[in-house]
Amino acid sequence: MNDNTALIDEISRRIGSENLLAHVRSFGCQLNVSDGEKIKGVLKQCGYGFTDDEAEADLIILNTCAVRESAEDRVFGIVGSMKKLKEQKPSLIIGIAGCMTAQSHIAEKIKKSYPQVDIVLGTSAINALPQLLLDCMNGARFSADITEYDDFSAEVEQVRESSFKASVPIMFGCNNFCTYCIVPYVRGRERSRAPEDIIAEVEGLVRSGYKEIMLLGQNVNSYGNDLGGEMSFPQLLRRLNDISGDFIIRFMSSHPKDASRELIDTIFECDKVAKHLHLPVQSGSSDVLRRMNRSYTVEKYLSTVDYIYSRDPDFSLTTDLIVGFPNETNEDFEATLDIIKRVKYDIIYSFIYSKRSGTKAAVMDDPIDDETKGRRMRTLLEVQREISTEHYKRFIGRRMRVLADDVSKKKEGYLTGKSSEFIIVEFPGDRSLIGQFVDVEVTGAMNWAVTGSIIG
Ligand code: SAM
Ligand code: SF4
Ligand code: F3S
């Protein structure tokens, strides 16, 4: 990790008493949001304040995602519209960071077609940022550093969005090379953070009053594989569970090929670990899974699910699904419907396949038209809606421990929160309860949440 202290001091000397404001916007997964919080941490050290309004910002950083084409198109649309802002305020500095820029053709496109952009940072954003900012302040028109994967600036102080929910990346990168996915190309190979750093960070967060700790990695189950047997993910969970304090531990994502019985037993045995598992299945067809390079079959996946349900038939599972993978047949799609009916997920996150250049799937034959893919997506969502409406009823009459996290957008005087099972709970309550655990008795179920009232 670079020591940027001298650069940060120089920027903060230049900013002096000017009240400069930065606007940082993250577009991707929770790891990307966590990077955005670290970018803010560095900017805060440099002397910037923050604003949600890009029109009043002196520095805008778009922290991008490359996982689907729509995510990239959105960013290009926003960068295009920033031309006007730059004309109105020529001193405005615009930077693009994150996974999009780790693809050299994208960095080139930005340089060629978007002269309003001053800075391009690869996934080395945090370490490269002070130098690039200083270059800009010294009059450079375009500074770029697309050095890849230098994300071990994990110990940078983060400006966290929430005062009670914190994300803690435990590893970076991915070794799995699912054939549709760009992540290994823009994030590099798996690198685990040292267990003592993670434990110290979680202890600090709990001491500062954080109530929910979300451990992040593209496949948390392979945490520690590069640490020479020092610590596995289930062992890490047990160590974190031993930290005293009133908090809940979540984690995401868990690759089904590595979701071991030891992991499942650990979830059941650790009182602070949430009773929920996000287990992305992607497709219900073993043939599609093979072509996706997911390294498990439907049978293997279902044997994991059956083990979980043998321990608790009401356990909460959520998943990711891709519709319209190249050459997905009607039978393959029907198999996906079958698996969601069989497993009864509480939530599915479903995506229409998006071709990512450089991946193996990008060169596969894809005779399925967009209309068919759209129709399959609508059918999938309809079937899931029925499943959740029915399945959420199992919580009626139960008491749930809920971390209240916001006021309800739909009902005046109500709060929303998440239960240990990752279920949204809506209940009458005062906003002073936000950030606290409350016990709620569930009285009703919808297809996206349960409702109830606080006990005691
Ligand atoms: N590492 C996680 C895993 O394997 O479960 C997933 C991380 S990825 C950022 C989140 C989800 O995006 C994936 O589970 C997949 O469903 C979806 N996804 C990834 N690449 C995609 C693509 N090319 N088109 C559509 N969806 C995609
Ligand atoms: Fe992408 Fe597969 Fe890695 Fe998840 S496990 S990030 S889907 S390559
Ligand atoms: Fe995340 Fe998107 Fe990058 S999902 S790892 S921000 S490509």
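Screening residue 358 on (1) without any contact (Cβ under 8 Å) to a residue 24 or more places away in the chain; (2) more than 30 Å from residue 210 (Cα to Cα); (3) part of a loop (DSSP other than H, G, I, E, B) shows it passes everything except condition (1).
Total residues in the range 196-210 satisfying the condition of being in a helix (DSSP H, G or I) and surrounded by fewer than 19 Cβ atoms within 10 Å (Cβ to Cβ): the figure is 7. Would you check if there is a residue in the range 362-372 being closer than 29 Å to residue 105 by Cα, under 24 Å from the mean Cα position of the chain (by Cα), touching a residue at least 24 places away in the same chain (Cβ under 8 Å) and outside any helix (DSSP H, G or I)? No - not one qualifying residue is present in the range 362-372. For residue 325, indicate whether it is among the hydrophobic types (A, V, I, L, M, F, W, C) and assigned to a loop (DSSP other than H, G, I, E, B). The answer is yes for residue 325.
Every residue, every condition in (1) touching a strand residue (DSSP E or B) at 6+ places or on another chain (Cβ under 8 Å); (2) free of Cβ contacts under 8 Å to residues at least 40 places away in the same chain; (3) more than 16 Å from ligand 1 (Cβ to nearest atom), yes or no:
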{"site": "5", "(1), (2), (3)": "no, yes, yes"}
{"site": "10", "(1), (2), (3)": "no, no, yes"}
{"site": "20", "(1), (2), (3)": "yes, yes, yes"}
{"site": "28", "(1), (2), (3)": "yes, no, no"}
{"site": "41", "(1), (2), (3)": "no, no, yes"}
{"site": "47", "(1), (2), (3)": "no, yes, yes"}
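Contact annotation: residue pairs with Cβ atoms under 9 Å, 6 or more positions apart or on different chains, pairing a residue in the range 304-322 that is of a type in the set (S, T, N, Q) with a partner that is assigned to a helix (DSSP H, G or I), are 304/256; 304/261; 304/264; 319/339; 319/340; 319/343. Residues being of a type outside the set (A, V, I, L, M, F, W, C) and within 14 Å of ligand 3 (Cβ to nearest atom): count how many of those fall in the range 182-234. So the answer is 10. Residues in the range 288-303 that are within 14 Å of ligand 1 (Cβ to nearest atom) and touching a residue at least 24 places away in the same chain (Cβ under 8 Å): 288, 291, 292, 293, 294, 295, 296, 301. Within the range 361-374, being buried (at least 16 other Cβ atoms within 10 Å of the Cβ) and at pLDDT 95 or above holds for 361, 373.
The values are calculated or read from the model by the stated rules, or taken from the named source; none is laboratory data. Keep in mind that what you see is a predicted model, and the values were worked out from it rather than measured. Heads up, the Cβs are rebuilt from the backbone with ideal geometry, glycines too, and the neighbour counts pull from every protein chain shown.
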